[in-house]
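Please read the structure below before turning to the comments.
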Amino acid sequence: MGFFESFVALRLLKGVKRQKGFLSLSTFISMAGVMVGVMALIVVIGVMTGYTQEMEKKILGINAHIVLLKKGSLFTDYKQVVQKVEALPGVSAAHPFIYTQVMVSSGEGLSGGVLRGIDPDLLTAGGPKGLRLQAGHWKDLTADIPGESPVTAIGNEMAQTLNLKVGSYLNVISPLGSRTAAGRQPSMKSFRVGAIFHTGMYEFDSGLMFLSIPRVQEFLGLGNQITGLEVQVKDIYAVGQVARVIDEKLGAPFYTKDWQTMHGPLFAALKMQKITMFIILTLIIMVAAFGIASTLFMMVMKKTKDIAILKSMGATSRSIIEIFVLNGLFIGAVGTSLGVLSGLTLCEVLQKYQFIKIPKDIYYLDTLPVQIQAMDLLAIIIAALAITLIASLYPSWQAARLNPVEGIRYE
């Protein structure tokens, strides 16, 4: 497209702006339609991306990248296994853990929960990285005072439900219990709250408890046994490859589960929902594209004489097509630019003030997280411009077909 086509396209647009009535209004509506479609796409895709990343961050902040288990039994001599796993490429650390379901009661009520035994070294180092303490200290969980109740950490939602605070006591009941001569018997023990944490995920904050591994082993009568190992890797997206290396190195009866496998359906559903929303909201831009096509058709009708004069002066059909395509692209580009600006502004407001609240017991999070990725933004811009370009082609082709003799016959 040369200077001639650009100059004439600009003159035609200026002519439209000076007119009063339907044509100028339709141009404005077409731009507004593209703007609203692009803005809606940016906000929705930003929220979907932010939700996925926030879920990923919180899940990996609580759970291990890879869980190493032993078929049919608990771990006994696990220290040698830890050394073997930590020596493998891609592994950053491996720690023992114990996992068991319990019932928790206090004077205010009863709640179900999950008791997780955690390595005392991790507690001394500051506890799990994905947790934020609201009260207490992680190192208090390592205290072993004879005659005193074991110290546990609970989520803030559980603390609120059972009316607990640091220093309060609660009863923990394990259905598995401990081994006796008559078999396993349910165990109940009094624990003292030493820390209250917050993750931002209702599922964890309302049902998760932490205790040092020696105290859990004593409570359940496990001796020196543990449930398995939590393995942290250097690259969370290469976790499948590292898990296969661990399986090959250790062999049966050991096996692994990585975070992508355990939470795969959730993230697959979120990805599919993001793609679906992109396709659905793109229809808004397509509706606006019909407005652009209508505007260009009206422009062709209003400028029949001008088109005929241009063709009689030597303008080619290709030049006429390029002129009206430029007009359509201008409308689309302005609408897209305004949509990007308003969408990014709205996302920034949502991220900063978090004024939209969602049910945390349904969506796990209590606010809408927003994260804009450059590739998503680029895809939205390209899609919007491509749709407006396609919408401009047919009216431009109709303008190029105009016979200059017919255009000026009755002028």
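Miscellaneous remarks
- Looking at K302, K311, just one residue is touching a residue at least 24 places away in the same chain (Cβ under 8 Å), surrounded by fewer than 17 Cβ atoms within 10 Å (Cβ to Cβ), under 21 Å from P395 (Cβ atoms) and of a type outside the set (F, W, Y), and that residue is K302.
- Meeting the requirement of 2 or more residues that are under 20 Å from I382 (Cβ atoms) and in the same structural domain as M39 (by TED's automatic domain parsing), the helices (runs of 4 or more DSSP H) wholly within the stretch 284-363 are 317-353.
- Looking across G328, G314, one residue alone is among the small types (G, A, S) and on the phi > 0 side of the Ramachandran plot. It is G314.
- Residues that are buried (at least 19 other Cβ atoms within 10 Å of the Cβ) and within 12 Å of L211 (Cβ to Cβ), drawn from the stretch 76-99: F97, I98
- Scanning the stretch 80-90 for residues that are assigned to a helix (DSSP H, G or I) and without any contact (Cβ under 8 Å) to a residue 12 or more places away in the chain gives Q80, Q83, E86.
- Selection of the stretch 114-134 for residues being farther than 28 Å from P175 by Cα and under 29 Å from the mean Cα position of the chain (by Cα) yields G126, K129, G130, R132, L133, Q134.
- Residue match in the stretch 340-354 (condition: under 29 Å from A32 (Cβ atoms), aromatic (F, W, Y), in contact (Cβ under 8 Å) with a residue 40 or more places away in the chain and surrounded by fewer than 19 Cβ atoms within 10 Å (Cβ to Cβ)): no
- Of the numbered criteria (1) part of a loop (DSSP other than H, G, I, E, B); (2) in contact (Cβ under 8 Å) with a residue 12 or more places away in the chain, the one T256 fails is (1).
- So G46, is it assigned to a helix (DSSP H, G or I), assigned by TED's automatic domain parsing to the domain that holds G335, buried (at least 17 other Cβ atoms within 10 Å of the Cβ) and touching a Cys at 6+ places or on another chain (Cβ under 6 Å): yes
- Any hit, the stretch 274-281, residues being among the β-branched types (V, I, T), assigned to a helix (DSSP H, G or I), more than 30 Å from V102 (Cβ to Cβ) and at pLDDT below 80: no
- Selection count where residues are without any contact (Cβ under 8 Å) to a residue 60 or more places away in the chain and basic (K, R), scope the stretch 201-238: 0
- Scan of the stretch 91-132 for residues that are in a loop (DSSP other than H, G, I, E, B) and touching a residue at least 24 places away in the same chain (Cβ under 8 Å), ordered by number: G107, E108, D119, G127, P128, K129, G130, L131
- The stretch 49-75, residues that are touching a Ser or Thr at 6+ places or on another chain (Cβ under 9 Å), surrounded by fewer than 21 Cβ atoms within 10 Å (Cβ to Cβ) and either closer than 21 Å to I275 by Cβ or not charged (D, E, K, R) (or both): G61, I62, L69, L74
The values are calculated or read from the model by the stated rules, or taken from the named source; none is laboratory data. None of the values given here were measured: they were computed from a predicted structure. Please note: Cβ atoms are built from the backbone with ideal geometry, for glycine as well, and neighbour counts cover all protein chains shown.
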